[in-house]
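**Q** Pasting in a structure now, in structure tokens, and then I'll have a few things to ask.
The values are calculated or read from the model by the stated rules, or taken from the named source; none is laboratory data. For clarity, every value in this text was computed on a predicted model and none was experimentally measured. Every residue, glycine among them, receives a Cβ derived from its backbone with ideal geometry; neighbour counts consider all protein chains shown. To get the accessible areas, we keep the full protein, side chains included, count just its heavy atoms, and leave off ligands, DNA and RNA. Shrake-Rupley method; radii C 1.70, N 1.55, O 1.52, S 1.80 Å.
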Amino acid sequence: MTSLPAMTGWLWLKEGFALFRKQPVELSTLFISYMFIMIAIGIVPVIGQVAPMILVPVFSLAFLSASAQVRNDERVYPKLLFSAFRSPAIKSLLLLGTLQLAAGLLALGVSVLIDGGVFWKVLSGETGMDPAVIGESNMGLAILAAALVYLPAAMAFWYAAPLVAWQKMTVTKAVFYSLFAVRQHFKAFVVYGLSWVAVGVVLPTVASLLLALLFNSASLIVMVMMPLSMLLTVVLYSSFYITYTDVFPVPEQPVVAAIDVDA
């Protein structure tokens, strides 16, 4: 397998935007429907805390299938969001989600050992971003350590869902091939990640600061930044599909997309 050029990462981002522009309303509606489902699940005690993470591979596959349909000039409907639940690979997808949750908990556990749980409390909303508390802790080091611990898992799970559902691999094989593929094209992924930091973090931050300086209205900032954040998230899913098609051969008709969503 030949490594892709580093600048391919930037092209993935551009092609993700191009794919989104083909059906912006339909893809945005799909994402909004997903958000409502996550909010509803989150209301359920205990289950609502873990189920969203376990369901990530299931719903990510639905977004990948939506991107495949957009590329094929097929109309995307919100009901596609549930298509992965009827996939023969549903058990494997849920297993992937469980393993991903376990990896995340392991990374957080490492951060707790370093900063005494400050990062975890901030992340869970148990405590606010108190500068005094954060300054006295090792939260920065804890975040870095957690990221380093979770990085191999992120690489292993990046393509695992479509490999399980579309290439019909076992969970073990899919995790291995995903890890190997990301490692093989690591330079492209570094540029891809940096591109997303620039477009998804730096630009929105600059935009929010300009709005604050010009209008000094918190409600206006929220009204502008929330739709922008949603749009960028949808584009991220679209670009994820682009990365997959560049790294792995795509079936003529992806497994999930082939399921009759009108059933």
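**Q** Relative contact order for segment 1-109: what percent, with Cα pairs under 8 Å and sequence separation of 6 or more? Don't jump to the answer; show the numbers that get you there.
**A** Working: 70 pairs, mean separation 32.8, N = 109.
Relative contact order of segment 1-109: 30 percent.
**Q** Order Val70, Val191 by their accessible area, 1.4 angstrom probe, all chains in place, largest first.
**A** Val191, Val70
**Q** Residues of segment 40-67 with the amide nitrogen closer than 16 Å to a label point 7 Å from the Cα of Leu101, along Cα-to-Cβ, please.
**A** 40-60
**Q** Separate question: Mind checking the dipole of the chain: about its Cα centre, +1 per Lys or Arg Cβ, -1 per Asp or Glu Cβ, Debye to the nearest 20? Each step should come with its number before you reach the end.
**A** Numbers: 13 positive and 12 negative charges, 91 e Å.
Charge dipole of the chain: 440 debye, to the nearest 20.
**Q** Tally up the carbon and sulfur contribution to the accessible surface of the chain as a whole percent, 1.4 Å probe, everything protein left in place.
**A** Numbers: 9900 of 14050 Å².
Reported share for carbon and sulfur atoms: 71 percent.
**Q** Å³ per residue of the Cα convex hull, for the chain? Don't skip to the end; give the middle numbers.
**A** Numbers: hull volume 39.2 nm³, N = 263.
Normalising the Cα hull of the chain by residue number yields 149 Å³.
**Q** Follow-up. Report, to the nearest 10°, how far helix 8-22 tilts away from the longest principal axis of the Cα atoms in the chain, using its own Cα long axis and a range of 0 to 90°.
**A** 70
**Q** Using the charge dipole of the chain (Lys, Arg: +1 at Cβ; Asp, Glu: -1 at Cβ; taken about the Cα centre), state which of Val235, Gly117, Leu4 has its Cα farthest towards the positive end.
**A** Looking along the dipole axis, the top candidate is Leu4.
**Q** As an exercise, use a Förster radius of 25 Å and the Cβ-Cβ distance of Ser208 and Arg183 to find the FRET efficiency, rounded to the nearest 0.05.
**A** Numbers: r = 35 Å, r/R0 = 1.42.
After rounding to 0.05, the efficiency reads 0.10.
**Q** Rounded, prolate or oblate: which fits segment 14-129, taking a ≥ b ≥ c as square roots of the Cα gyration tensor eigenvalues, rounded meaning a/c under 1.5, else prolate when a/b beats b/c? List each step's numbers first, then the result.
**A** On the way: a/c = 2.20, a/b = 1.85, b/c = 1.19.
Prolate is the answer for segment 14-129, as a/c is 1.5 or above and a/b outweighs b/c.
**Q** Using θ = phi - 60° and the Karplus form 6.51 cos²θ - 1.76 cosθ + 1.60, what ³J(HN,Hα) does each residue of segment 183-198 get, whole Hz, x for Gly and Pro?
**A** My calculation for segment 183-198 gives 4, 5, 10, 4, 4, 5, 6, 5, 5, 4, x, 5, 5, 6, 4, 5 Hz in order.
**Q** Same structure, new question: Taking only protein heavy atoms and a 1.4 Å probe, what accessible area per residue, in Å², does the chain have with all protein chains in place? Don't jump to the answer; show the numbers that get you there.
**A** On the way: 14050 Å² over 263 residues.
Normalised by residue count, the accessible surface of the chain is 53 Å².
**Q** Below 12 angstrom from the Cβ of Val58, what's the summed charge of the other residues (Lys, Arg +1; Asp, Glu -1)? Each step should come with its number before you reach the end.
**A** Numbers: positive: Arg86, Lys91; negative: none.
The answer is +2.
**Q** Quickly work out the Phe176-to-Asn216 label distance, labels modelled 7 Å from Cα along the C-beta direction, and quote it in nm with one decimal.
**A** 6.3
**Q** Still on this structure, please answer the following. Calculate for the chain the 222 nm mean residue ellipticity that helices alone would give, adding -39,500 (n - 2.57) per DSSP H run of length 4 or more and normalising by residue count, nearest 500 deg cm²/dmol. The partial results should precede the final answer.
**A** Numbers: 14 runs with 197 residues, N = 263.
Computed mean residue ellipticity for the chain: -24000 deg cm²/dmol.
**Q** To test your reading of the geometry: what angle, between 0 and 90 degrees and rounded to tens, separates the Cα axis of helix 90-115 from the longest principal axis of the chain?
**A** Orientation of helix 90-115: about 20 degrees from the principal axis.
**Q** Let me ask something else. Go through Lys79/Lys121; Lys14/Lys168; Lys79/Lys168; Lys14/Lys91; Lys22/Lys121 and tell me which ones have a Cα-Cα distance over 32 Å in this structure.
**A** On the way: Lys79/Lys121 36 Å; Lys14/Lys168 29 Å; Lys79/Lys168 23 Å; Lys14/Lys91 34 Å; Lys22/Lys121 41 Å.
Violating the 32 Å limit, Cα to Cα: Lys79/Lys121; Lys14/Lys91; Lys22/Lys121.
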